[in-house]
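In what follows, a structure is listed as structure tokens, so that the remarks can point back to it.
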């Protein structure tokens, strides 16, 4: 029997100053608790108690703990995706795609740095992977970024079909985010090495594919 869908929508967006402060306090406390007790033990009751509010106040905004975690995930994904937007803004639309790929180090290093600076980022990323209910937050964000990059590259690759380009961009996006997780959780490898080696792999992958594509 299929499980019942979980409501992940924010019930009410805060508008008044006091409501905004309460909403932000809920998310700040949830971020700390997620790192301290983990996704299994965190609960709306615990969040409310630590935030110094009554549980009905929390439920005014979030129907359950997963909605709180989804809000955190959305914020993190948006923060990371801003780096992709900045990376694309550095590109000159008139040049070949190789120029964008050669600048991949900016994207990888920037995403690692932005993620490291985001409070509770690793705990949030791991929660998005561990909880089936939340996986669409990550997948949806990665697919959206893939679409954006595909739209930028397609006009410069008239000989390549969208269905051929999309999975290659999607794989590259996933590799970058996997590298980000490694940079944050693997103490035996420094972030600079992770960024450099990931960039080399992506550049080789794209150079080989683009070379063969231009010959077709």
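The values are calculated or read from the model by the stated rules, or taken from the named source; none is laboratory data. Being a predicted model, the structure only gives us computed values, none of them experimental. Here the Cβ positions follow ideal geometry from the backbone for every residue, glycine too, while neighbour counts run over all protein chains shown.
Structure notes:
- The single condition from (1) assigned by TED's automatic domain parsing to the domain that holds residue 177; (2) assigned to a helix (DSSP H, G or I); (3) in contact with a helix residue (DSSP H, G or I) (Cβ under 7 Å, 6 or more places away or on another chain) that residue 91 fails is (2).
- Only one of 137, 150, 68 that is part of a helix (DSSP H, G or I), over 12 Å from the mean Cα position of the chain (by Cα) and under 30 Å from residue 43 (Cα atoms): 68
- Just one residue in the set 24, 36, 86 is in contact with a helix residue (DSSP H, G or I) (Cβ under 8 Å, 6 or more places away or on another chain), surrounded by fewer than 15 Cβ atoms within 10 Å (Cβ to Cβ) and either at pLDDT below 95 or farther than 30 Å from residue 152 by Cβ (or both); that residue is 86.
- When residue 79 is tested against (1) surrounded by fewer than 15 Cβ atoms within 10 Å (Cβ to Cβ); (2) within 30 Å of residue 200 (Cα to Cα), exactly one condition is not met: (1).
- Any chance residue 46 is part of a helix (DSSP H, G or I), surrounded by fewer than 21 Cβ atoms within 10 Å (Cβ to Cβ) and without any contact (Cβ under 8 Å) to a residue 24 or more places away in the chain: yes
- Among the residues making up segment 94-130, those that are over 15 Å from residue 76 (Cβ atoms) and part of a helix (DSSP H, G or I) are 97, 98, 99, 100, 101, 102, 104, 105, 106, 107, 108, 109.
- Residue within segment 110-127 that is over 11 Å from residue 80 (Cα atoms) and without any contact (Cβ under 8 Å) to a residue 24 or more places away in the chain present: no
- Hey, residue 131 surrounded by 15 or more Cβ atoms within 10 Å (Cβ to Cβ), over 20 Å from residue 208 (Cβ atoms) and at pLDDT 95 or above or not: no
- From 107, 153, 122, 165, residue being surrounded by 17 or more Cβ atoms within 10 Å (Cβ to Cβ) and under 24 Å from residue 37 (Cβ atoms): 122
- Among the candidates 19, 2, 9, the residue that is in a loop (DSSP other than H, G, I, E, B), more than 20 Å from the chain's Cα centre (by Cα) and modelled with pLDDT under 90 is uniquely 2.
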